[in-house]
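Written out below as structure tokens is the structure these notes cover.
What follows is calculated from the coordinates using simple rules that are stated; it is not laboratory data. Please read all numbers here as calculations on a predicted model, not as lab measurements. For neighbour counting, all protein chains shown are included, and Cβ atoms are generated from backbone atoms with ideal geometry for every residue, glycine included.
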Amino acid sequence: MQMRRQDAAVARRAIPEDLWKRTLGRHAFLRRVDPADAAELRRMTSLFLDRKEFTASGGLQLRDAMVVAIAAQAVLPVLRLGLDRYDGFVGIVVHPGQVVARRQHTDEDGLVHQYDEVLAGEAMEGGPIMLSWQDVGAAGRSAAQSYNVVIHEFAHVLDMADGLADGVPLLPAELPRSEWLATLQADLTRLQTRVAAGDATTLDPYGAQGAEEFFAVASEAFFVNPEAMQAEHPCLYGLFTRFYRQDPAQDTPAPRRAA
Ligand SMILES: [Zn+2]
């Protein structure tokens, strides 16, 4: 019954062949998966479109190519984990560009500081997920810099599944929390040291902020720039292959024209 309902959803949100080819054409990292996974990526992208609600903001016109690009990139991390991981939210709000958020922070003396934060995306528990189309649309080109706003925000969703944004997603039984934390912390410390020294790093220096951002930033690199991520963070790369159950560095992208 469940299967039949899924088939109906996939048929309802079927992605036209030419649109799917263009989506893969623009994102080499989506073509790394083997043929069986490629079919599953397309099927799960349809299911994602059926379950989630896209809203445009700031006068943006949402086209099919945009929602399919977002959905396919969001599905990539959960290709082997299942879409249920995203059951905690429904809404995705797409802005034309980055958004300035007014922040407020109270210091130890009780003084309130207000400041602006510029966001390319934001994930809140229970949703919605906010994304800047300017950043999402550049995903094909920015992959070489390990930058991918969709994977970043959906890594936060995976992280928050247990109610805590702490860099620890729901782990399988064979991956102990202590091992996850030890590896993550060691590599975070290494990134912090290198960023402080002014070194160029494969991972976005933003990840040095703490475990939560480090997990999101490292997940971006794992999927869109895996060879470089593996070379700089071999232990973390290995840990991620066990969590995501994918090994992106092993697969070279299929030729551009492949379906
Ligand atoms: Zn973040």
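Side notes on the structure shown:
- Averaging Cα coordinates gives a centre for region 1-55 and one for region 219-252; these two points are 23 Å apart.
- For the chain, the convex hull drawn through the C-alpha positions has a volume of 143 cubic angstrom per residue.
- Options 140, 115, 47, ranked by Cα towards positive dipole end of region 40-196, top entry (Cβ charges): 140
- Ellipticity estimate at 222 nm from DSSP helix runs (n ≥ 4, -39,500 (n - 2.57)) divided over the chain, nearest 500: -14500 deg cm²/dmol
- Potential extension, residue 34-residue 101 segment - 0.36 nm per residue separation minus Cα distance: 20.1 nm
- The distance between label points at residue 125 and residue 113 comes to 2.5 nm (points 7 Å beyond Cα on the Cα→Cβ vector).
- Residue among 86, 98, 72 farthest towards the positive dipole end of region 7-139, charges placed on Cβ: 72
- Region 148-259 - percent relative contact order, Cα under 8 Å, separation 6 or more: 26 percent
- Between residue 5 and residue 17, the distance separating the two model label sites (each 7 Å from Cα on the Cα→Cβ line) works out to 3.2 nm.
- Exposed-site-free run, longest, the chain (rule: GluC sites (Glu not before Pro); DSSP loop; at most 12 other C-beta within 10 Å): 1-107
- Per-pair calculated FRET efficiency, R0 = 35 Å: residue 245 and residue 57 via Cβ, rounded to 0.05: 0.55
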